[in-house]
Amino acid sequence: MNYAVVSSSLHPDSRSRILARMASGLLQENGHAVDLIDAGDLELPVSDGHSAWKHHHSMDIQDRIGGADGIILAMGIHNYGSSATAKNIVELGARGWNDKVVGLLCAAGGVRGYMGVMHLANSLMLDFHSLIIPRIVYATADDFDGDEIASTEVAKRVGELIEQFVNVSIRLHESNG
Ligand SMILES: Cc1cc2nc3c(=O)[nH]c(=O)nc-3n(C[C@H](O)[C@H](O)[C@H](O)COP(=O)(O)O)c2cc1C
């Protein structure tokens, strides 16, 4: 299977990027191809509902997401919701998200924003008919030690998400012929 793992944070020491890297490593260990898309490597325009969709980096995202059998999206929680950069990637990725299996990884400062990702999940389901894996990972600052995941519970949850993500996407792939 060919998967895309999108790290949407622009922070140089992003914690959601650590989650994304773990997810990517697990997929590769299981023999899958992974396209790791780091927003920090791209100069994405701000979504304007107009010409930004035609920007070459937006079209690159659309192609890479659109060509994947499933997508893991990693993000920070900002203002009790998904970060603007994650939302921007969903908007710029446009129809590339159509009918994809999607797994979500969140890094946050504290525990209170744990439902903050749901508006983005709803939007992916309603707009793009994404199949969201109901094993959303939510980690806080205490779950990390430098650039490592310190919490065995969070590491376990990333593993459970990836296991379900792969199972569901393979079955969907098979049923679509
Ligand atoms: C502008 C801004 C707003 C934030 N808002 C919240 C918030 O509402 N709830 C929360 O738990 N953490 C909040 N945080 C903390 C981030 O979620 C935390 O730093 C997380 O690690 C960000 O993800 P990243 O490290 O991948 O960039 C905020 C951080 C910033 C910069």
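Applying 0.36 nm per residue to the separation of GLU163 and ASP127 and subtracting their alpha-carbon distance, the gain on full extension is 10.4 nm.
Scanning residues 5 or more positions from ALA139 or on other chains, those with amide H under 5 Å from its amide H are CYS106, ALA107, ALA108, with H placed 1.01 Å from N in the peptide plane.
What shape does region 1-129 take by its C-alpha gyration tensor, where a ≥ b ≥ c are the square roots of the eigenvalues and a/c under 1.5 counts as rounded, a/b above b/c as prolate, and the rest as oblate? Note, shape of region 1-129 comes out rounded.
Using only helices, what value at 222 nm comes out for the chain when you add -39,500 (n - 2.57) per DSSP H run of length 4 or more and divide by the total residues, to the nearest 500 deg cm²/dmol?
Result for the chain, helices only: -13000 deg cm²/dmol.
With each label modelled as a point 7 angstrom along the Cα→C-beta vector, the HIS56-LYS156 pair spans 4.8 nm. Close amide H partners of LEU131, meaning residues 5 or more places away or on another chain with modelled amide H under 5 Å apart, are LYS100, VAL101, VAL102.
Comparing Cα centroids, region 151-177 and region 79-105 end up 18 angstrom apart. Between VAL46, MET125, HIS57, the Cα set farthest toward the positive side of the dipole of region 2-175 (charges on each charged residue's Cβ, about the Cα centre) is that of MET125.
Shape call for region 27-94 from the C-alpha gyration tensor, a ≥ b ≥ c root eigenvalues: rounded (a/c under 1.5), prolate (a/b greater than b/c) or oblate? Taking the square roots of the gyration eigenvalues as a ≥ b ≥ c, region 27-94 is oblate.
Once backbone amide H atoms are built at 1.01 Å from N, ASP35 has TYR3, ALA4, VAL5 as its partners under 5 Å, excluding neighbours fewer than 5 places away on the same chain. From the alpha carbon centroid of region 14-32 to that of region 122-148 is 13 Å. Relative contact order, whole percent, for the chain stands at 23, derived from Cα pairs under 8 Å and 6 or more residues apart.
Read the figures in this text as sums done on the coordinates, not as results from a lab. None of the values given here were measured: they were computed from a predicted structure. Every residue, glycine among them, receives a Cβ derived from its backbone with ideal geometry; neighbour counts consider all protein chains shown.
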